[in-house]
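The values are calculated or read from the model by the stated rules, or taken from the named source; none is laboratory data. Quick caveat, the model's predicted, so the values are computed rather than measured. Cβ: placed from backbone, ideal geometry, glycine included. Neighbour counts: every protein chain shown. Areas reflect the complete protein model, heavy atoms only, side chains present, ligands, DNA and RNA absent. Shrake-Rupley method; radii C 1.70, N 1.55, O 1.52, S 1.80 Å.
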Amino acid sequence: MQDSFRNNNKSREIPAHSAKVHSVAWSCDGRRLASGSFDKTASVFVLDKDRLVKENNYRGHGDSVDQLCWHPTNPDLFVTASGDKTVRVWDVRTTKCIATVNTKGENINICWSPDGQTIAVGNKDDVVTFIDAKTHRSRAEEQFKFEVNEISWNNDNDMFFLTNGNGCINILSYPELKPIQSINAHPSNCICIKFDPTGKYFATGSADALVSLWNVEELTCVRCFSRLDWPVRTLSFSHDGKMLASASEDHFIDIAEVETGEKLWEVQCDSPTFTVAWHPKRPLLAYACDDKEGKYDSNREAGTVKLFGLPNDS
């Protein structure tokens, strides 16, 4: 696998926003990349061979767009979570906001269920709201007594996972939302969670700078990845489930081989990384970093999206 990056380890920077980018995500067909930013907008790019071409900017939110995700099987729909207490659903065919859902608090986390029927959004007050993706109405609301970080369904859509501030992974049945299990995953704040596309594993990242890999069936920890020194902010599995990218305030993104834990590559960055996302079909990694402080004029490099895995001769 390392061989593929020997000739394909170039990164390219694409202007996207007027302020830092918090979230990047690919559509299910891999044709488009969306980014959400502190500048209150989302941008969508079309991937043309090895180039990302900006298609549109989506305005409407009154505060920072903290996270976004695409519909699991419809490549035209994506949803954004914002600090303005709303969730917005967008359609790239009309470039319009097709629904605005008012929620109770400042939204920081969002995910779409694998069956496409429900959108879950978490806010700063540790409330998770489940929104019907067809009617855009709230189906259920859960207030948690712990700090809720990232949220995700399992690939089978029958369990709902939350990572929390005490280092635990809380697992609820879905749609009943009854507690099934709480796993003490990390000694400190458990920040992010991702499921691998094959359904075999999920990974969590925590404030202790560790990434742990878990067996979905047995809910046991298979191995840990410990090359980062700072709290793990973001994770992504490659489309075949063989690689795991993790990033933090370290000035590199770690790309590990899932089955051995070995390092495949390090993507060098000039500043902390907020978000990483592997392309759903190719070994291309989209990512976005914090703005470099005071190293340039007029924030020229603020708000860029980056793409790693491009041919060295491109």
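A few comments on the model shown:
- Peptides 165-171, 224-230 ranked from most to least packed give 165-171, 224-230, packing being the mean of other C-beta atoms within 10 angstrom over each peptide's residues.
- Remark: for residue pairs Lys40/Lys124; Lys96/Lys200; Lys20/Lys194; Lys104/Lys281, the C-alpha separation exceeds 27 Å in Lys96/Lys200; Lys104/Lys281.
- If R0 is 45 Å, the Cβ-Cβ spacing of Ser11 and Asn154 corresponds to a FRET efficiency of close to 0.90.
- For the chain, the Cβ-based charge dipole about the Cα centre amounts to some 860 debye (Lys, Arg positive; Asp, Glu negative; other atoms uncharged).
- The orientation-averaged shadow of the Cα convex hull for the range 50-157, equal to a quarter of the hull surface, comes to 7.5 nm².
- Toward the positive end of the charge dipole of the chain, with +1 on the Cβ of Lys and Arg and -1 on the Cβ of Asp and Glu, the farthest Cα among Val127, Phe237, Trp112 is that of Trp112.
- Rg of the Cα atoms in the range 156-275, relative to 2.2 N^0.38 Å, amounts to 1.03.
- The range 43-186, dipole about Cα centre (Lys/Arg Cβ +1, Asp/Glu Cβ -1), debye to the nearest 20: 400
- Based on protein heavy atoms only, the range 88-182 ends up with 46 Å² per residue of surface accessible to a 1.4 Å probe.
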